[in-house]
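Take a look at the structure below.
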Amino acid sequence: MKRRAEFFAMVLAAGQGKRMKSERAKVLHALAGRPMLCYPVEAALNAGAKKVIVVVGHQHESVTAVISQRFDKRVATALQAKQLGTADAARCGAQAAPDFNGWFLILNGDAPLISADPLLALINAAPSAKGPLLMLVSSLEDASGYGRIIRDDRGQVIAIREDKDCTEDELSIDEFNPGVYAVRSDFLRSAIKELSNQNKQNEYYLTDLVARAAQAGGVTDIPWDPVELEGINDRFELAEREASLRLEIAYRHALNGVTIRDPISTFIDADVLIERDALIEANVSLRGRCSIGAGALIDVGCVLTNVAVGAGAQLLPYCVASDSEIGQAARVGPFSHLRTDSKLAPQVHVGNFVETKKTVIGRGSKANHLSYLGDGIIGERVNVGAGTIFCNYDGFNKHTTVLEDGCFIGSDSQIVAPLTVGRNSYVATGTTVTLNVPEDALAIGRVKQENKAGLAKRLRKQLAAKKKR
Ligand code: UD1
Ligand code: CA
């Protein structure tokens, strides 16, 4: 096998993205939970780039923060102080690797659907190319917005004309420039200095390198399917690209043995992990870094953000959970709300209209109906009756409720934290617990009931008489 040339990649990401009409830099807008810029960076890494240089400018602090949080030292940033155009951006990128001699792979930060395959096609063809520049080309029925490919009589690529600079005839060309190139570093460094910004946008166009390369040995063009090459310039294109990505993600999980009942209505972020035989029902959103264990059920309408679901757990319809853990074979829902730092051990049952926050629930414990369980530490085999409330907040501080193993909390009880309900104790229905309950004790705190014979009849009469008047 031929040895692949060593190469650096450059991802251009300094522009503002005016057409997004956003306070946020375009390349930070997310697709499937990841800033769009991460996709081309990852594609370059997957293709084997020795180093990836991200050219940053607009909101460079935030963009750099995302890069350093998500990638290791193989990915660096270079600052383009003023956004003078894509050629100027590439110049800044090249400056960040002054000693590098070889092929620069250059791609745009706003085309997230790209995979490593077309990048490899360029890099593999580079060593035997006759000129200093190779590029992808593609076609669309309507290529408006993109730079168009200009060829000579022999079919050789001789230039790229930006949409805004095209003549009427050139506008009808359907072959477009996806903005992905492999350029020899020496050629890039010298030719880029000679470009001018005499064009409709008064920008330094990287695309002008193509005409230079055509004269300096020729341009090698590699045709590629437009699906993974289309860029994002506005919010509608963002939605379109995300829809494609979403299907691709669902497809990947399906091939790994996950049942996704309705890929169209299912939103699975790019960083989500799902094991075999999990079943994901319609209208589910799995956001951020969720992990779903083997054979788990995520039923209709669940919205999970950074949640770890154990093998065989069942989330019945319409559960909302974030930053939480759900143990193996636990059963949650329908209509449960697990807030930050809820930790359910295996076989826990949490039922409808139960809200938990920062609460740990031990193995086999149950809270099946209508409860608020905030800041709790619940042991094993505990039964929390319907309507139980942990009164955890006094307006200033949050307090912890501890329910030890095997205790039983009768329905409609309020536990006024901080306190501990001891092992195997029993809280009678309707009790407001304000004192610690010792092990094996019964806590009961109800107003004593009185029955007044016949009084209901009299009362009804009185009330009816009042109504007539
Ligand atoms: C560019 C190409 C066009 C191609 C299209 C493919 C040029 C001049 N045109 O057009 O031929 O069809 O991409 O999607 O290259 N950027 C910087 N610094 C700048 C300007 C831009 O880093 O000064 C970055 C942007 O953040 C963006 C990328 O370069 O990620 C492309 O810039 P954009 O303005 O979107 O170029 P297009 O008009 O789409
Ligand atoms: Ca663009």
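What angle, in degrees between 0 and 90 and rounded to the nearest 10, separates the Cα long axis of helix 235-255 from the longest principal axis of the Cα atoms of the chain? It is inclined by approximately 70 degrees.
Over the range 7-228, the alpha carbon radius of gyration divided by the compact-protein estimate 2.2 N^0.38 Å works out to 0.95. With R₀ fixed at 56 Å, the C-beta to C-beta distance from GLU380 to ASP117 puts the FRET efficiency at about 0.60. The C-alpha radius of gyration of the range 163-233, expressed as a fraction of 2.2 N^0.38 Å, stands at 1.22. Taking a ≥ b ≥ c as the square roots of the eigenvalues of the alpha-carbon gyration tensor, the range 50-119 is classed rounded because a/c is under 1.5.
Note on ARG276 and ASP412: the extension gain reaches 44.9 nm, defined as 0.36 nm multiplied by sequence separation minus the Cα-Cα distance.
Using C-alpha pairs below 8 Å separated by at least 6 residues, the relative contact order for the chain is 8 percent. Calculate how steeply helix 116-125 sits against the longest principal axis of the alpha-carbon atoms of the chain, using the helix alpha-carbon long axis, and give the answer as 0 to 90 degrees to the nearest 10. Long axis of 116-125 versus the principal axis of the chain: about 20 degrees. Ignoring lysines fewer than eight residues from LYS200 along the same chain, the ones with Cα atoms less than 29 angstrom from its Cα are LYS18, LYS21, LYS26, LYS82, LYS164. Rounded to the nearest 10 square angstrom, GLU248 shows an accessible area of 110 square angstrom against a 1.4 Å probe. Sorting the segments 40-46, 13-19 by their mean number of nearby beta carbons within 10 angstrom, highest to lowest, gives 40-46, 13-19.
Peptide packing: for 390-397, 20-27, the average count of neighbouring Cβ atoms within 10 Å per residue gives the ranking 20-27, 390-397, highest mean first. Accessible area per residue (1.4 Å probe, heavy atoms of protein chains only) ranks THR64, THR207 as THR64, THR207, with the largest value leading. Note on GLU248/GLN83: beta-carbon distance plugged into 1/(1 + (r/R0)^6) with R0 of 35 Å gives a FRET efficiency of 0.65.
In the range 235-443, the C-alpha radius of gyration followed by the widest Cα-Cα span (Dmax) gives 18.8, 64 angstrom.
Taking Cα atoms, how many degrees apart are the long axis of helix 60-70 and the longest axis of the chain, rounded to 10 and kept between 0 and 90? Relative to the chain, helix 60-70 is tipped by roughly 70 degrees.
Entry comment: accessible area of the range 7-228 is 44 Å² per residue, from protein heavy atoms only and a probe of 1.4 Å. Taking amide H as placed 1.01 Å from N in the peptide plane, THR432 has its amide H under 5 Å from the amide H of GLN414, GLY445, each at least 5 places away in sequence or on another chain. Put a dot 7 Å past the Cα of SER265, heading toward its Cβ, do the same for ASP440, and the two dots end up 5.5 nm apart. Scaled against 2.2 N^0.38 Å for its residue count N, the alpha carbon radius of gyration of the chain is 1.38.
Would any residue of the range 34-52 have its amide N under 12 Å from a label point 7 Å out along Cα→Cβ of ARG24? List them or say none. In the range 34-52, the label zone of ARG24 (backbone N under 12 Å from the point 7 Å along Cα→Cβ) covers 34-37. Taking every DSSP bridge with both residues inside the chain, close to 15 percent are antiparallel.
Computed with a 1.4 Å probe over protein heavy atoms only, the accessible area of GLU404 comes to about 70 Å². For GLU42, neighbours were defined as the other residues whose beta-carbon sits under 10 Å from its Cβ, and their charges (Lys and Arg +1, Asp and Glu -1) total +2. Segment VAL227..ALA65, full-extension length gain: 55.4 nm, with 0.36 nm per residue of separation and the alpha-carbon distance subtracted.
Here's the list of lysines a cross-link from LYS50 could span, going by alpha-carbon distance under 21 Å and ignoring same-chain residues fewer than 8 apart: LYS2, LYS73. Taking a straight Cα-Cα cut-off under 18 Å and skipping sequence neighbours fewer than 8 places away in the same chain, the aspartates and glutamates within cross-link reach of LYS193 are ASP88, ASP99, GLU203, ASP208.
Charge dipole (Cα centre; +1 on Lys/Arg Cβ, -1 on Asp/Glu Cβ; no other charges) of the range 98-185 amounts to roughly 540 debye.
Extending 7 Å from the Cα toward the beta-carbon at both ASP153 and PHE335 defines two label points whose distance is 7.8 nm.
With both labels modelled 7 Å from their Cα along Cα-to-Cβ, the PHE396 to GLN198 distance reads 7.5 nm. Solvent-accessible area assigned to carbon and sulfur over the chain amounts to 50 percent, based on a 1.4 Å probe.
Within the range 7-228, antiparallel bridges make up roughly 40 percent of the DSSP beta bridges whose residues both belong there. If you place +1 on the Cβ of every Lys and Arg, -1 on the Cβ of every Asp and Glu, and leave all else neutral, what size is the dipole of the range 235-443 about its Cα centre, to the nearest 20 Debye? For this selection, approximately 60 debye.
Its Cα centre serving as origin, the chain has a Cβ charge dipole (Lys and Arg +1, Asp and Glu -1) of approximately 2680 debye.
The values are calculated or read from the model by the stated rules, or taken from the named source; none is laboratory data. Small disclaimer: the values here were computed from a predicted structure and weren't measured. For neighbour counting, all protein chains shown are included, and Cβ atoms are generated from backbone atoms with ideal geometry for every residue, glycine included. Just so you know, the surface numbers come from the protein's heavy atoms only, side chains and all, with ligands and any DNA or RNA stripped out. Shrake-Rupley method; radii C 1.70, N 1.55, O 1.52, S 1.80 Å.
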